[in-house]
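Participant: Before anything else, here's the structure in question.
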Amino acid sequence: MVFSLCCACKAMPIKKAKQASGTITAANPMSCRIKGKIVNIISQRDEDTSSPCYKYDCCAKVYVLSSSGCGSGVTAPLRQGDTATIIFAYTLHSTEQHFPNMKNGYSGLKMGDVFIANVEQRLSATIDRQYLIYGYERK
């Protein structure tokens, strides 16, 4: 199950980060705002050689330190104390090298790092729950 979740990066188009001026905005209808901690990095790469997840890790187990403000469309909200596998659309690596034109880049996350982000819940025919983060603010 973890392998199929992490390799789902290739099926998700990269879109512009939902972040303005380095501040994470309020949760949208399909997301929850969380404060999380990276507890394990899942080192499985995407098979698509054009994906950033082919070269860099994109999946991590995240412990939810707090959760606030879930949108109306979230059917499986993350709550304080939960641990979930989450896909990071722009990878866990610094975006400076592989997204050089990104306006609001990300410094990267490693085990033990704490961050704030909007976690989007994605509907999937093959997986119960799928969570995705486009942008984050490292704490």
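Nothing in this text is a laboratory measurement; each read-out follows from the coordinates by a stated rule. Since this is a predicted model, take the numbers as computed values, not measurements. Ideal geometry is used to build each Cβ from the backbone, glycine not excepted, and the neighbour counts take in all protein chains shown.
Participant: For labels at I41 and H98 in the simple 7 Å Cα→Cβ model, what's the distance in nm?
Facilitator: 1.1
Participant: In terms of Cα to Cα distance under 13 Å, which aspartates and glutamates are near enough to K37, apart from those fewer than 8 places away along the same chain?
Facilitator: The reachable aspartates and glutamates, counting only those whose Cα sits under 13 Å from K37, are D82, D113, E137.
Participant: Further, regarding this structure: If you stretched the chain out fully between S68 and R129, how much longer would it get, using 0.36 nm times the residue separation minus the C-alpha to C-alpha distance? All intermediate terms of the calculation are to be shown ahead of the outcome.
Facilitator: Details: separation 61, 0.36 × 61 = 21.96 nm, distance 1.88 nm.
Extending this stretch completely gives an extra 20.1 nm.
Participant: I would also like to ask the following. Simple spin-label model, 7 Å along Cα-to-Cβ: T75 to R122 in nm?
Facilitator: Result: 1.6 nm between the two label points.
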